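Encoded as structure tokens, the structure appears first; notes follow it.
Rule-based calculations on the coordinates, nothing more; no lab input. Here the structure is a predicted model, which is why all the values come from computation and not from measurement. When we count neighbours, we look across all protein chains shown, and the Cβ atoms used for this are built from the backbone with ideal geometry, even at glycine.
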Amino acid sequence: MVYTTTEKINQLQTDCSKISMIYTHIPYTPKEHGTKIGYAYNKFMEMLPNDDDWGCFVDHDAMFTTPTWYNMINKIVFIFIG
């Protein structure tokens, strides 16, 4: 069955258990790894406790400007990934 975006959002609001945990992280590469930012990404992703969890990387000079940012990310994952 194909759902519209509105139907998916409505379904998400009634069944939030479908969304895995989303962990946010500002990546940092230790000096001994030089400028290999991929090292920091990979180390963080290895720390996620479940295969269904998500990592959200944030640039060091970014900030969340709304108190509902986490819900917005949940909705995006649910809508586009399922």
**Message:** Per residue of region 66-79, what does 6.51 cos²θ - 1.76 cosθ + 1.60 with θ = phi - 60° give for ³J(HN,Hα)? Whole Hz please, x for Gly and Pro, Karplus curve as stated.
**Reply:** 9, x, 9, 4, 5, 4, 5, 5, 4, 5, 4, 4, 5, 5
**Message:** Within 13 Å, Cβ to Cβ, of Gly55, how many net charges do the neighbouring residues add up to if Lys/Arg are +1 and Asp/Glu are -1?
**Reply:** -3
**Message:** Taking amide H atoms as placed 1.01 Å from N in the peptide plane, list the residues 5 or more away in sequence, or in a different chain, whose amide H sits under 5 Å from that of Trp54.
**Reply:** Met21, Ile22, Tyr23
**Request:** May I ask you to evaluate 6.51 cos²θ - 1.76 cosθ + 1.60, the Karplus curve with θ = phi - 60°, for each residue of region 20-37 and list the ³J(HN,Hα) values in order in whole Hz, giving x for glycine and proline?
**Result:** 6, 6, 10, 9, 9, 7, 9, x, 9, 9, x, 3, 5, 10, x, 9, 7, 5
**Message:** As an exercise, use a Förster radius of 30 Å and the Cβ-Cβ distance of Ile81 and Met47 to find the FRET efficiency, rounded to the nearest 0.05.
**Reply:** 0.90
